[in-house]
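A.B. asks: Attaching a single structure in structure tokens format; questions to follow.
What follows is calculated from the coordinates using simple rules that are stated; it is not laboratory data. From a predicted model like this one, the values you see are computed outputs, not experimental measurements. So basically every Cβ, Gly included, is an ideal-geometry build from the backbone, and we count neighbours across all protein chains shown.
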Amino acid sequence: MKKTTKLSRRDFVHTALGAGVALSAPTILGATAKGQGKTFKIGLIGCGGRGRGAAAGALEAGKILGFNVRVVATADYFKDRAVRAGKQLDVPPERCFGGASCYRDLLETDVEIVLMATAPLFRPLHLEAAVNAGKHVFIEKPVAVDPPGCRRVIAAGREAEKKGLVITAGTEMRHDWDHIKTHQAVAVEKSLGKLYAGRVSFCIGHMFWSRPINPKSAEDLVRSWQNWIALSGDHLVEQHVHNIDLANWFCGGHPVSAVGFGGRPRRPAGDMYDFFSVDYDYGEGVHIHSMCRQVNGCWNWVGHDFVYEKGHTNGNDHPKPQKSPIPASLPQGPSSHIQEQIDTLYYINKGRPVNQARAVAESTATAIMGRISAYTGWQVTWNQIMAAADESPDLFNLTLKPTAEDFEKGTVEIPKENVVPVPGQK
């Protein structure tokens, strides 16, 4: 199939929603005759740019597959955002919900699929509730900010499997066909032999607030969530998880330990680090170096490189496996953020309960393991945070504050700005 031109997430959102989601017809790949007449009702939780992008992607995915896809409810911590998104998506005001418990109101409606794009802090709680309500879910990455949150997501994934529900995740390279085929060729079919080592990077300029936030309320924290460890997980978790997920995927699972460092020389807002450098040990002598930075005026690189016995790959440059794992009837979208929505609808329609909850939770936990190591200066193991409750109870039970439940109960304590973790101190 001929490759289509890739769109950035931001460009797609502006094009789609700016036109009232009246996307072009005929569609990019054409509608499948089998899909004609099939209707899916979608609910959107989290109506910022990422959430509206997911909604636009789902609507375009429906057109590509020939389904009648409608967003019928929106929810956001701030009701005005839910209402604005509702206007763009043709959702009546009475089905636009606000407040910390807005997700509960949305899950009581007739939505079949839930798109989750709130701050990462809220995602384990919202996923549990959606699965309990019998909804299919697309959940953005990362899916948690601490080890207990990751385990909650894995548990919700197991429950979804019992119910035959689909859970797809916003780790979008697992939806990109070149990455899928390259993974099949080098990680499954071993076309390049044994994996020796690799590196993954998300080094870019400064993002978000350029001055102190001085939060006074829970609402201030939610509006500036990208700047707070407890709400975002820090940028190693919130952003770099994309690349870390690729490392886990190509290495065949999560690492056994992490040793890292980081710092905050320039960031004026919130309580996060500016940069991280982490060595992940995947066992059998395989190490992956992870680095991420959000500082202006520095060398930037977002990418990955894996070194094998017979060569190396950047993750998407060997798309010639002997056997493609992509279903022959699955259409290819113009970008991975539309493809992830195509995949969601396709597998729901096929009755094939694809479940990415464990994979994205383990990638999130891998990032969290590196963050904890950088904050403390310790070597941190997978057993300590995810598998052995008795080995290191403080790490296994590490719960960042405030929690999602604190926002619902009104018990949020405001974190201190510019007070950051110092390694080597207990």
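A.B. asks: Looking at the stretch 44-182, what % of the alpha carbon pairs are farther apart than 20 Å?
C.D. replies: Result for the distance tail: 45 percent.
A.B. asks: Can you give me the span-like helices of the chain, meaning DSSP H runs with 27 Å or more of Cα extent along the axis and Kyte-Doolittle mean at or above 0.5?
C.D. replies: none
A.B. asks: Further question on the same structure: Along the charge dipole of the chain, pointing to its positive end and built from +1/-1 on Cβ of Lys, Arg, Asp and Glu, which listed residue (GLN425, PHE40, PHE276) has its Cα farthest out?
C.D. replies: Value: PHE40.
A.B. asks: Give me the one-decimal nm value for the distance between modelled label points at TYR196 and ARG266, 7 Å along each residue's Cα-to-Cβ direction.
C.D. replies: In this crude spin-label approximation the distance works out to 3.4 nm.
A.B. asks: Moving on. Note down the net charge around ILE42, summing +1 for each Lys or Arg and -1 for each Asp or Glu among other residues with Cβ under 9 Å from its Cβ.
C.D. replies: With Lys, Arg at +1 and Asp, Glu at -1, the net is +1.
A.B. asks: Treating only the Cβ atoms of Lys and Arg (+1) and Asp and Glu (-1) as charged, compute the dipole magnitude of the stretch 226-323 about its Cα centre; round to the nearest 20 debye.
C.D. replies: Once rounded to the nearest 20, the dipole reads 240 debye.
A.B. asks: Related question: With label points built 7 Å along Cα→Cβ from the Cα atoms of LYS163 and CYS298, find their separation and express it in nm.
C.D. replies: Between LYS163 and CYS298, the simple spin-label model gives 4.2 nm.
A.B. asks: May I pose another question? Can you tell me which of 46-54, 346-354, 150-158 comes out highest on packing, and rank the rest after it, using the mean Cβ neighbours within 10 Å?
C.D. replies: 46-54, 150-158, 346-354
A.B. asks: If you plug each phi of the stretch 312-320 into the Karplus form 6.51 cos²θ - 1.76 cosθ + 1.60 with θ = phi - 60°, what whole-Hz ³J(HN,Hα) values come out, in order, with x for Gly and Pro?
C.D. replies: My calculation for the stretch 312-320 gives 9, 9, 8, x, 9, 10, 10, x, 10 Hz in order.
A.B. asks: Search the structure for amide H atoms under 5 Å from the amide H of ASN355, placed 1.01 Å from N in the peptide plane, and list their residues when 5 or more places away or on another chain.
C.D. replies: ILE167
A.B. asks: Placing unit charges on C-beta atoms (Lys and Arg positive, Asp and Glu negative, everything else neutral), compute the dipole magnitude of the stretch 312-370 about its Cα centre in debye, rounded to 20.
C.D. replies: 240 debye
A.B. asks: Separate question: Relative to the present Cα-Cα distance, how much length would full extension add between ARG223 and GLU112 at 0.36 nm per residue of separation?
C.D. replies: Going from the current span to full extension adds 37.1 nm.
A.B. asks: While we're looking at this one, here's another question. Taking the Cβ-Cβ separation of GLU413 and LYS41 as r and a Förster radius of 45 Å, what is the calculated FRET efficiency to the nearest 0.05?
C.D. replies: 0.75
A.B. asks: The stretch 227-300: D in µm²/s via Stokes-Einstein (Kirkwood Rh, Cα pairs, 20 °C, 1.002 mPa s)?
C.D. replies: My calculation gives 162 µm²/s for D.
A.B. asks: Considering only LEU59, LEU192, LEU107, give the residue with the highest GNM mean-square fluctuation for the chain, with springs between Cα atoms whenever their separation is below 10 Å.
C.D. replies: Evaluated over the chain, the most mobile residue of the options is LEU192.
A.B. asks: Grab the other residues whose beta carbon is less than 15 angstrom from that of GLY263, score K and R as +1, D and E as -1, and report the net.
C.D. replies: +2
A.B. asks: Can you order the peptides 273-282, 391-400 by their average number of other Cβ atoms within 10 Å per residue, highest first?
C.D. replies: Highest mean packing first, the order is 273-282, 391-400.
A.B. asks: Now a separate question. Quickly rank 121-128, 159-166 as a protection proxy: mean count of other C-beta atoms within 10 Å, highest first.
C.D. replies: Those peptides, ordered most packed to least, come out 121-128, 159-166.
A.B. asks: State whether the stretch 149-233 is rounded, prolate or oblate according to the following rule on the C-alpha gyration tensor (a ≥ b ≥ c being the square roots of its eigenvalues): a/c under 1.5 gives rounded; otherwise a/b larger than b/c gives prolate, and the remaining case gives oblate.
C.D. replies: Here the stretch 149-233 falls in the oblate category.
A.B. asks: Using only Cα atoms, what Kirkwood radius does the chain have, in angstroms?
C.D. replies: Here the Kirkwood hydrodynamic radius works out to 21.9 Å.
A.B. asks: Could you pull out every one of the aspartates and glutamates with an alpha carbon less than 16 Å from that of LYS216, ignoring same-chain neighbours closer than 8 positions?
C.D. replies: Counting by Cα, and skipping residues close in sequence, LYS216 has these aspartates and glutamates nearby: ASP271, ASP406, GLU413, GLU417.
A.B. asks: Would you mind counting up the charge near PRO321? Only other residues with Cβ under 12 Å from its Cβ, with Lys and Arg at +1 and Asp and Glu at -1.
C.D. replies: That works out to +2.
A.B. asks: Take the cross-link list LYS63/LYS135; LYS79/LYS163; LYS141/LYS310; LYS181/LYS401; LYS163/LYS323; LYS135/LYS323 and give me the ones stretching past 29 Å between alpha-carbons.
C.D. replies: LYS79/LYS163; LYS141/LYS310; LYS181/LYS401; LYS163/LYS323; LYS135/LYS323
A.B. asks: Using a 10 angstrom cutoff on alpha carbons, build the Gaussian network for the chain and name the most mobile of ILE213, ILE372, ILE229.
C.D. replies: Greatest mean-square fluctuation among the candidates belongs to ILE213.
A.B. asks: In the chain, what % of DSSP beta bridges are antiparallel (nearest 5)?
C.D. replies: Percent antiparallel among DSSP bridges in the chain is about 50.
A.B. asks: Tell me, what HN-Hα J-couplings in whole Hz come from the Karplus equation 6.51 cos²θ - 1.76 cosθ + 1.60 at θ = phi - 60° for each residue of the stretch 175-191, using x for Gly and Pro?
C.D. replies: Here the 3J(HN,Hα) series is 9, 7, 5, 5, 5, 4, 5, 5, 4, 4, 5, 9, 8, 9, 8, 6, 5 Hz.
A.B. asks: Tell me, what HN-Hα J-couplings in whole Hz come from the Karplus equation 6.51 cos²θ - 1.76 cosθ + 1.60 at θ = phi - 60° for each residue of the stretch 258-269, using x for Gly and Pro?
C.D. replies: So the Karplus estimates, Gly and Pro as x, are 9, 10, x, 8, x, x, 9, x, 10, 5, x, 10 Hz.
A.B. asks: With a ≥ b ≥ c the root eigenvalues of the C-alpha gyration tensor of the stretch 277-345, is it rounded (a/c under 1.5), prolate (a/b larger than b/c) or oblate?
C.D. replies: oblate
A.B. asks: Then there is this: Can you give the charge dipole size of the chain about its Cα centre, rounded to the nearest 20 debye, using +1 on the beta carbon of Lys and Arg and -1 on the beta carbon of Asp and Glu?
C.D. replies: 1080 debye
A.B. asks: Still on this structure, I have one more. Given only helices, namely DSSP H runs of n ≥ 4 each adding -39500 (n - 2.57), what is the per-residue ellipticity at 222 nm of the chain, to the nearest 500 deg cm²/dmol?
C.D. replies: Computed mean residue ellipticity for the chain: -10000 deg cm²/dmol.
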